[in-house]
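To start, the structure itself, in structure tokens.
The values are calculated or read from the model by the stated rules, or taken from the named source; none is laboratory data. Because the structure is a prediction, the values reported are computed rather than measured. We place every Cβ from the backbone using ideal geometry, glycine too, and count neighbours over all the protein chains shown. Note: areas computed on protein heavy atoms with side chains; ligands, DNA, RNA excluded. Shrake-Rupley method; radii C 1.70, N 1.55, O 1.52, S 1.80 Å.
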Amino acid sequence: MSKDQKPLPVDGKAKLRYVQYELEKEHIFLDPIRQLISKDLSEPYSIYVYRYFLNQWGDLCYMALDGDTDELRGVVVCKLEEHRSGTFRGYIAMLAVVEEFRGKGIATELVKMAIETMKARDADEIVLETEVSNTASLRLYERLGFLRSKRLHRYYLNGNTAFRLILYLKEGTGSKKPREGYVGPEYGDQAPPVEPGPAFPP
Amino acid sequence: MSQELPIGTLVKDEQFTLFESVGALEIMDPKMDSGFLAPGETLEDEYDITRPLLPEEIIGIMDQLLCCEMSWHEGYPLAQTLFTSHYIDKLLSTESKNIDDIQFEQGHEQHGGDLVHVVLRAYCIGLIKCCDYALDEINRSLEGGGTRVNFYEEEDFSGHTYGRELFTGISKDSIIAALYEAEEVIENEAAKDPPPDGIAPVYAAIKTRIEFRIELLLAMFTDEQHSYPLDESWMNVSAYLPDQYNTHHLGKAVPESFSPKIQRRLASTVPPKPMVELSYEDAFKKLQQMCLDCREAVRIVDFGLEHVQRLKAFLWSFNSRKPEPLSYPRACLSAPLFGCDDVGFEQLLRRDLEEVLLPNDPILDPVNWTFEAPQSQVANPEPRYEMANAVNRFTQSSIHMAGGYIDLYRSLCSNRCRLRRNLCHVVLALEEHQTRETEPLDEIINHLSNTSPSFPLSTWTYLAKLQTMTWIVQLGFELDIYLPDELAGMYWYLSLLAQSQASVLKLILPTLHQRVIRPQGSTTQVHTTISYLESRLAEMNATKSLADALFSLYTYLRYLNKIPDPASNSPFYNAQQRYELRMKPFLDVTGATVPPFAEYSESITLFGPYSSPTVNIRSITPEYLSNIDTLVKEAKAGFASVKKMGVKAAMCEGVEGWWMKNVNSVLASCVAAGIAVSAVRGRVERSEEEVMGVEVLEPGKRYHDWWVVPKIS
């Protein structure tokens, strides 16, 4: 969806347009995305982490761009694949909004678009982690209908604890079982922490 | 191939996972490339570890090392903590066979004097040895009996030593001798005539730190005869803490003796990460708490394996400690427990069966285990052999399955977050055990013993399953998992679980009363079990009442529009799917099946939609609130009777303090619930609902973290 979505006015002055990421435009957007995300991280991700997501699930990445200058104001990065639990699981890996543009609903809009796309692609559930102390992030996701499913002690490298948040998109998701002989693509229970919490501002 | 690809095209290997991408490094990025240097930056620091130090600087370094040590205990890697010290790095940089080889400077000529080469050196060696002991204890706790599933806790502790040995081969005695020598040096320095002004307290402060280190080594030391540190040793350690704390201000920091650059020399692909900054104040608090926790943890050996419910109560009490004990104290608790082998855990399970259900029962008569297996299949097997065999099959399969009996203990020894998650595995294992294993074995047992409760193994398993499910929900309140708009529904479900437990207990009790009426041998054990089950029954009845009260209260507040429901306008909101997600841990459970959504939904919206109720809420208020009052009173009376039955009936001897505090906190929650109901009534009677404040207290601010009583203003 939304490749040619009309600019959405966000507040009185700032005009933004929301666009889907395209691999062909990596040379334009990858650096700003990296800068925006890593700003709030205690330890940076290598370029491979970004490419891991953007090259496989670029269509699940949405950007908020300045309506006039095309400067990056916000971004959400996701993936969608079969999880070892047997569900087709969407995962919100990173979310960030430029500091001066926070509190205007940009993050919510980006997340909504990503979820809509994953829903259209038959996702059973959407999953993410966020710091227990990041009330703004918790509020954002809980307003969208996410519930806390687990508390993860010292989940992040900085020693902070996280909540795992989940949103079911389909009935029967909770009873899904792994396919016979299926071994998940990931190592361990989850992807290693990719700090969406710290990346999302208070 | 490369010629056919346009420049900039990315080649991705199918096997390149997210895990690998996170571990991948970028050359020339200062935060990732361990060899990257900023203009003018040197690869290593120039720090002369043989330079003479002032006594004040010795204190400063010792205290900074203590901060590093506590950060390591807190879970940060050695590389970012102790291994950032030039002194520690030097001592560990060569392999040493005995303590004399461990030097800051090889050869006879030693610059810097005794304060560096005797005092600081001995302190550092002692400190590294303490880390070795901690690491050993933590490894033993992980390797011990019954490691079945990935119940490891890498989030709590970083055991990586980067290929360095932490003086494992150096004897404790030689290290303590070196520390005594250090003490002597300090005493001699202090006795020098005439002592410079104000130096005496400085030397005394160094001495305290050396003595503390000796006591800590003694407390952490574990060998064959003394396979556990005693609680007195930890009291001795604690005794040195105040003096250390009070003299911290005498120290002079030497920040240049620490550097994150040392990480470049470690066997690690990871680039240097920032040093962990922990203030002395915080480090000291953690140390103080660690000593208290260790002192409590080592009591595990007093509990032994004789009384299973008591042992479990002790594990619960330790797990409930706030702030949460660090990995090392938890290892002091679990290493002796998991030193127990499979046979030990089978015995533990048999005792569990005995204490809960089969006291002094022919099914568990030790004689049954003395019969040989029948020689041929034709021969009539000895019934008592058959019975023992059935019980053995039950215990063996239970301890060997993932999430099984041993993992229940593993869960109780993990951190609080993992406890709840691991209990979800325990429930599934109990479920599987109950549906696949216990019934055929029970049929054998029923056939052979007509005096015992029927289906004992299934009953025990079912009861254990219900108990675990109840804990999972209760821990959900404690860990702040449930949102305010879920509280009514979760207390509704908790009430169902408590009720199910109560009905099982009510089924068991009459069979035991029969045993007292028609005694076969001593009835002491039977009486003990009866008291225990009665205590549990009272607790479950009271739990049901209080859960019902809170369910009703939150439902009512919901109709008054006082409970936020932020998601209801979301395009993704779906009440049924939320319910399914919330009940996920229990969806596969039989016997106490998750109620259908319709039933749940009807219960929490008994007056119709919250925005347009089918009744006038005001008109039903007096009766509705007085019903809640009644429930609260029942709960209070129930918990009071649990308290009256006492700690012995509850099989919590040994943790009286914890048990009493727990019961009193729940009683306080009942009082708070009563007050909340009156406050609501008052507001509504005065038509002040609009201005009524409802605060859902967060964990830690409640009388009891399992009971979220709203604060009404």
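Here are the numbers for the structure shown:
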| read-out | value |
| --- | --- |
| Number of the exception - B:Ala598 against (1) buried (at least 16 other Cβ atoms within 10 Å of the Cβ); (2) more than 12 Å from chain A (Cβ to nearest Cβ); (3) small (Gly, Ala, Ser) | (1) |
| Within segment A:71-111, tally of residues that are touching an Asp or Glu at 6+ places or on another chain (Cβ under 6 Å) and closer than 12 Å to A:Leu128 by Cα | 1 |
| Lone unmet requirement of (1) in contact with a Pro (Cβ under 6 Å, 6 or more places away or on another chain); (2) more than 22 Å from B:Glu74 (Cα to Cα); (3) hydrophobic (A, V, I, L, M, F, W, C) for B:Met275 | (2) |
| Residue ID - most open to solvent (accessible area, probe 1.4 Å), chosen from residues in segment B:663-713 that are without any contact (Cβ under 8 Å) to a residue 24 or more places away in the chain and closer than 23 Å to B:Leu475 by Cβ | B:Lys701 |
| Search result, residues across segment A:9-44 that are modelled with pLDDT of 90 or more, surrounded by 15 or more Cβ atoms within 10 Å (Cβ to Cβ) and among the β-branched types (Val, Ile, Thr) | A:Val19, A:Ile33, A:Ile37 |
| Complete set of residues in segment B:171-226 that are farther than 21 Å from B:Asp243 by Cα, hydroxyl-bearing (Ser, Thr, Tyr) and either touching a helix residue (DSSP H, G or I) at 6+ places or on another chain (Cβ under 7 Å) or open to solvent by less than 10 Å² (accessible area, probe 1.4 Å) (or both) | B:Ser174, B:Thr222 |
| Residue within segment A:96-119 that is surrounded by 20 or more Cβ atoms within 10 Å (Cβ to Cβ) and not in a helix (DSSP H, G or I) present | yes |
| Residue in segment A:97-113 that is of a type outside the set (A, V, I, L, M), over 29 Å from A:Asp70 (Cα atoms) and within 13 Å of chain B (Cβ to nearest Cβ) present | no |
| Filtered residue count, segment B:422-452, keeping only those that are part of a helix (DSSP H, G or I) and either in contact with a strand residue (DSSP E or B) (Cβ under 6 Å, 6 or more places away or on another chain) or over 30 Å from B:Phe157 (Cα atoms) (or both) | 18 |
| Flag for B:Ser611 being modelled with pLDDT under 95, out of contact with any Phe, Trp or Tyr (no Cβ under 9 Å at 6 or more places or on another chain), open to solvent by 60 Å² or more (accessible area, probe 1.4 Å) and assigned to a loop (DSSP other than H, G, I, E, B) | yes |
| Matching residues, segment A:149-169, being open to solvent by 30 Å² or more (accessible area, probe 1.4 Å) and either among the hydrophobic types (A, V, I, L, M, F, W, C) or more than 7 Å from every other protein chain (Cβ to nearest Cβ) (or both) | A:Leu157, A:Asn158, A:Asn160 |
| Test: B:Met490 is hydrophobic (A, V, I, L, M, F, W, C) and open to solvent by less than 10 Å² (accessible area, probe 1.4 Å) | yes |
| Only one of B:Ser531, B:Ser568, B:Ser603 that is away from chain A (no Cβ under 14 Å) and surrounded by fewer than 17 Cβ atoms within 10 Å (Cβ to Cβ) | B:Ser531 |
| Enumeration of residues in segment A:44-89 that are in a strand (DSSP E or B) and within 9 Å of chain B (Cβ to nearest Cβ) | A:Lys79 |
| Check on B:Pro510, open to solvent by 40 Å² or more (accessible area, probe 1.4 Å), on the phi < 0 side of the Ramachandran plot, free of Cβ contacts under 8 Å to residues at least 12 places away in the same chain and outside any helix (DSSP H, G or I) | no |
| Per-region count, segment B:575-584, residues open to solvent by 30 Å² or more (accessible area, probe 1.4 Å) and more than 7 Å from every other protein chain (Cβ to nearest Cβ) | 1 |
| Scope segment A:149-167; condition in contact with a Lys or Arg (Cβ under 7 Å, 6 or more places away or on another chain) and modelled with pLDDT of 95 or more; matching residues | A:Ser149, A:Lys150, A:Phe163, A:Arg164, A:Leu165 |
| Lone qualifier among B:Leu315, B:Leu292, B:Leu311 - being without any contact (Cβ under 8 Å) to a residue 60 or more places away in the chain, more than 21 Å from B:Gln244 (Cα to Cα) and not charged (D, E, K, R) | B:Leu311 |
| Only one of B:Thr470, B:Thr461, B:Thr438, B:Thr451 that is within 20 Å of the chain's Cα centre (by Cα), of a type in the set (Val, Ile, Thr) and on the phi < 0 side of the Ramachandran plot | B:Thr470 |
| Residues of segment B:90-104 classified as in a helix (DSSP H, G or I) and open to solvent by 10 Å² or more (accessible area, probe 1.4 Å), total | 5 |
| Selection status of A:Ala93, more than 25 Å from B:Pro585 (Cβ to Cβ), open to solvent by less than 10 Å² (accessible area, probe 1.4 Å), touching a residue at least 12 places away in the same chain (Cβ under 8 Å) and within 9 Å of chain B (Cβ to nearest Cβ) | yes |
